[in-house]
1. In segment 77-353, what percentage of the DSSP-assigned beta bridges are antiparallel, given to the nearest 5?
2. Would you please name the GluC sites (Glu not before Pro) within segment 244-345 that are DSSP coil residues with at most 13 other C-beta atoms within 10 Å of their C-beta?
3. Given contacts defined as C-alpha pairs under 8 Å and at least six residues apart, what's the relative contact order of segment 1-113, whole-number percent?
4. Dipole size in debye (nearest 20) for segment 80-201 around its Cα centre, Lys and Arg Cβ +1, Asp and Glu Cβ -1?
5. For a test of the definition: using alpha carbon positions, the gyration tensor, and the 1.5 limit on a/c, classify the chain as rounded, prolate or oblate.
6. Return the sequence-ordered ³J(HN,Hα) values of segment 262-273 in whole Hz as given by the Karplus equation 6.51 cos²θ - 1.76 cosθ + 1.60 applied to θ = phi - 60°, using x for Gly and Pro.
7. Using the per-residue mean of other Cβ atoms lying within 10 Å as a proxy for protection, in what order, highest first, do the peptides 209-222, 433-446, 350-363 fall?
8. Where Lys and Arg each count +1 and Asp and Glu each count -1, what net charge lies around ASN359 among other residues with Cβ under 13 Å from its Cβ?
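Readers should treat all values here as calculations from the given coordinates under stated rules, not as data from a laboratory. Since the structure is predicted, the reported quantities are computational estimates derived from the model, not experimental observations. Cβ coordinates were reconstructed from backbone atoms using ideal geometry, including for glycine residues, and neighbour counts include every protein chain displayed.
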Amino acid sequence: MAVNTDTLNYDVEEMVRGDRAYIWHHIKPHKLYEHGEQMIIVEGDGLTVKDIRGREYLDATSGGVWGVIVGFGRESIAKAVYAQLKTLPYYAGTAGNIPGIKYAGELVERLPGLGKVYFSNSGSEANEKAFKIVRQLSNMDPARKGKYKILYRDRDYHGTTITALSASGQDERKQDFGPFLDGFTGFPHALCYRCGFGKSYPDCNIECARCFEDTILREGPETVGAVILEPITAGGGIILPVDEYYPIIQEICHKYDIYLIMDEVVCGFGRTGTFWGFQQYGVQPDMVTMAKGVAASYMPLSVTAVKDEIYDKFLCNPGDDCERMNYFRDISTYGGCAGAMSAALETLRIIEDEHLVENSRVTGAYFLDCLHSLMEMPLVGDVRGRGLFAGVEFVKDKKTRTPITEGEMDRIMGNVAAEGVLVGKTTSSLPGNNTIMNFAPALTASKNDIDRIVAAVKAGIEKF
Ligand SMILES: Cc1ncc(COP(=O)(O)O)c(C=O)c1O
């Protein structure tokens, strides 16, 4: 039987030429590729990836954008997907399929208070579904009439589409893509290191949470339907709100009947040392969105999970002319990929059987301790993190907290890569402050891996 496995056989120089000639790479200045050579990753095993030139790296980014949470080379995921693809690769989400039903059941068990899941295929799309639910209810539900606005927090990111960008608080990601949609309003971030209120915790009255209420009052509470938040801000610089923050936000949501949407696209599935990021803060969201780690990025899949009481609002009578349009009239072609759901089920099994949430918590604590030791070095202004998710903010002056330049940041990144470790950074996010290095290794990371990562960062700074 002839199978096209041609992608496993290639000529190196032909591929390098092809990459330069045809590929429009994501979120990097394209001009760079005219002279420099783009890294082409060809293999992965555990936390190690190999590039087309045969160089090996310890990948502290779980595949560049934090998705490959169980590490590379998982044969069991490949086998689960293979078996499902042979049996049934796809049928639209208008019908049911076995891995989807099983996976939804597993998720609901882990999401107390939420009872229904909606499948789609990217984090942006999962958030878009949540926004559409809010918007539709603001038109059709007498109890939520006119509550169409969605609030978001500065420095949070919720995706790449125009709607998801409208709900994102990163100026560089948004620049030149406007005009954005009406009904999306930002409020200040929750980063103590750069407190927008000029205060210091704990003598700050948690202004960053209280200003959420001011924003609602300015907008008109009768117009605000939801707030979307990353439990811990990821791409905006690894920001952990203080413990009091989310209970205040939750109370304000209850006061004005505003849905709390938690974007778990990055934080979900153990990244922060609890299964969900919001569990770090003991809050109860009304909707939860997830992607990246869902199927460990072996296959694309995203989910929007909602409380039963939200779903129930869409249970209209199709035979009633007044009601018949009041169901969620939405579809996502690739929300029907059964192979992706098999990958998600197997990912969940690995997370549970290998105790990866626990490993994230324990090894993550060790990681943070090690990173804190870097605070003695010049340039290291702040270290923050939770679980296997951490960031180091670089400054040229520790007192004034003036960030280093992007060029200087790139030099440090290059130095760390030269040590054989791939780390991430805030990229085209925050004007003048894309100087936060971030780390999100696979949840299988060992103390040895952490030692290697921290040693590489230290060497990268020393060589600066
Ligand atoms: C918190 C968060 N939400 C949503 C998204 C968008 O996900 P996707 O790129 O799959 O659309 C991202 C992407 O990085 C993210 O970090």
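1. Beta bridges within segment 77-353, antiparallel portion: roughly 45 percent.
2. Listed in order of number, the matching sites are GLU323.
3. That works out to 14 percent.
4. Here segment 80-201 has a charge dipole of around 320 debye.
5. It is oblate, given that a/c is not under 1.5 and a/b is not larger than b/c.
6. With coefficients 6.51, -1.76 and 1.60, one gets 9, 8, 9, 4, 9, 6, x, 6, x, 3, 9, x Hz.
7. The packing order, highest mean first, is 433-446, 350-363, 209-222.
8. Charge balance near ASN359 sits at -2.
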